[in-house]
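Peer 1: Following this message is one structure expressed as structure tokens.
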Amino acid sequence: MQNPDRLPPRDLPRRRSGRHRNPLSFDSYVGTPALVLAVPGAYEDASAGAGEGIGRQMADLVRSYRPEVTIRFGYTEGDRHPLAEALTDLRPLDGHPLRGVVVPLITAPHAATGAAIRAAIEATGADVRITEALGPHPMLAEVLHLRLAEAGFVRADRMRLISVVAPSTSMTDGVIVGAVGGPDAVSAAGVTAVLLAARLGITVLPADLDDDASVAEIAGQLRDAGCVRPVIAPSVVGPEFTPDRLAELAQRHGARPSGALGAGSTLAKITALRYAEILNTLGVETPPPTADELPAPVGSRHRPGS
């Protein structure tokens with residue numbers, strides 16, 4: 001028989017695991033490697049369009065999710081704010097399983113950006129790991145929806161009721177999700193296109209912005225489906241495909257251009273998630289501390305002789 005006057009046993013907090021675990025968390029004993037944002041292209045090219053100062057903007061936004069982490073940025077081309085400069089002092093160091101994590105600011109695999117990042121790492125000897133691209137990710141469709149709404153091409157909220165009467169002639173009835181980086185990038189954009197179509201209730205198809213024939217083919221498919229007001233929505237952060245090139249491409253195919261994803265809190269959150277994925281992997285690979293390595297407990301109830 002249990003003593004009813006006895007206090008219940010103390011339940012110590014347990015670390016959550018599985019699908020309910022905070023995806024932004026990581027093991028504290030792994031440390032906090034620097035987070036390096038790799039911006040595609042040169043600073044001069046980015047400053048001419050939607051990507052103006054995007055490296056610094058993204059660094060400030062990601063810092064709100066990772067205030068304890070040193071956050072840097074560098075461009076894969078040019079002499080101004082080069083990526084190699086951000087990696088210079090991240091060489092291997094005893095006691096540190098990893099000095100840094102490089103997050104490419106691209107939404108899909110991009111061969112030129114990947115090669116430039118690897119070249120910068122090799123040249124500096126940095127002890128870093130490269131994450132996957134920011135996409136495919138469900139939140140990219142949300143950002144594309146926002147950019148389309150800002151331009152007045154779609155409703156700001158999700159389509160809940162199908163209406164045969166368009167709210168205005170500026171609303172689009174078909175969207176081309178533009179990708180940069182080849183077949184793998186188009187495949188990633190296809191995932192975003194499906195999610196965006198579910199949000200808008202209209203036809204959305206992916207195309208390769210670097211391949212004029214691909215854009216022409218998809219534009220033809222939209223016309224055959226009855227689309228008369230197509231819009232090209234680039235699923236790119238910004239520097240990968242300049243607004244001037246996009247405007248020219250859209251005009252050539254009888255479409256209107258939407259804005260690039262640009263810097264934003266949603267992309268910053270995806271960036272923080274990519275960083276956490278690498279560190280959580282390190283936590284799995286790194287053996288946890290033993291009981292002897294853990295710090296001694298503190299507090300009145302743990303004093304010697306108590």
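The values are calculated or read from the model by the stated rules, or taken from the named source; none is laboratory data. Treat the numbers as computed from the prediction; the structure is a model and nothing was measured. Every residue, glycine among them, receives a Cβ derived from its backbone with ideal geometry; neighbour counts consider all protein chains shown. Each accessible area value is taken on the protein alone, full model and side chains, heavy atoms only, with ligands, DNA and RNA left out. Shrake-Rupley method; radii C 1.70, N 1.55, O 1.52, S 1.80 Å.
Peer 1: Normalising by the residue count of the range 218-287, find the relative contact order in percent from Cα pairs under 8 Å and 6+ residues apart.
Peer 2: On the way: 45 pairs, mean separation 22.0, N = 70.
Relative contact order here is 31 percent.
Peer 1: Right, another one. How would you classify the range 68-220 from its alpha-carbon gyration tensor, with a ≥ b ≥ c the square roots of the eigenvalues: rounded for a/c under 1.5, else prolate if a/b is greater than b/c, otherwise oblate? Don't jump to the answer; show the numbers that get you there.
Peer 2: On the way: a/c = 3.06, a/b = 2.26, b/c = 1.35.
Prolate is the answer for the range 68-220, as a/c is 1.5 or above and a/b outweighs b/c.
Peer 1: Output the peptides 266-278, 83-95, 170-182, 207-219 sorted from most to least packed, where packing is the average of other Cβ atoms within 10 Å over each peptide's residues. Write down the numbers at each step before the final one.
Peer 2: Values: 266-278: 20.9, 83-95: 16.0, 170-182: 24.2, 207-219: 18.2.
Highest mean packing first, the order is 170-182, 266-278, 207-219, 83-95.
Peer 1: Determine one quarter of the surface area of the Cα convex hull of the range 94-154, which equals its mean projected area, and express it in nm² to one decimal. Working shown, then result.
Peer 2: Values: hull surface 23.7 nm².
With the hull built on Cα positions only, its mean projection is 5.9 nm².
Peer 1: How much accessible area per residue does the range 225-288 have, in Å², with a 1.4 Å probe? All intermediate terms of the calculation are to be shown ahead of the outcome.
Peer 2: Working: 2470 Å² over 64 residues.
Spelled out: the 1.4 Å probe surface of the range 225-288, per residue, equals 39 Å².
Peer 1: Related question: Could you please put Arg129, Arg80 in sequence from largest to smallest accessible area, using a 1.4 Å probe? All intermediate terms of the calculation are to be shown ahead of the outcome.
Peer 2: On the way: Arg129 85, Arg80 120 Å².
So, going from the largest accessible area down, we get Arg80, Arg129.
Peer 1: Follow-up question, since we're still on this one. What translational diffusion coefficient, to the nearest whole µm²/s, does the range 176-225 have by Stokes-Einstein, given a Kirkwood radius computed over alpha-carbon pairs, a temperature of 4 °C and 1.567 mPa s viscosity?
Peer 2: Values: Rh = 10.8 Å.
My calculation gives 120 µm²/s for D.
Peer 1: Moving on to the next point. So, by mean Cβ neighbours within 10 angstrom, what's the order for 191-198, 32-39 with the highest one leading? Let's see the in-between values first.
Peer 2: Numbers: 191-198: 20.2, 32-39: 24.1.
By packing density, highest mean first, the sequence is 32-39, 191-198.
Peer 1: Under the rule a/c < 1.5 gives rounded, and otherwise a/b versus b/c splits prolate from oblate, where does the range 188-263 land using the Cα gyration tensor? Don't jump to the answer; show the numbers that get you there.
Peer 2: On the way: a/c = 1.67, a/b = 1.14, b/c = 1.46.
Oblate.
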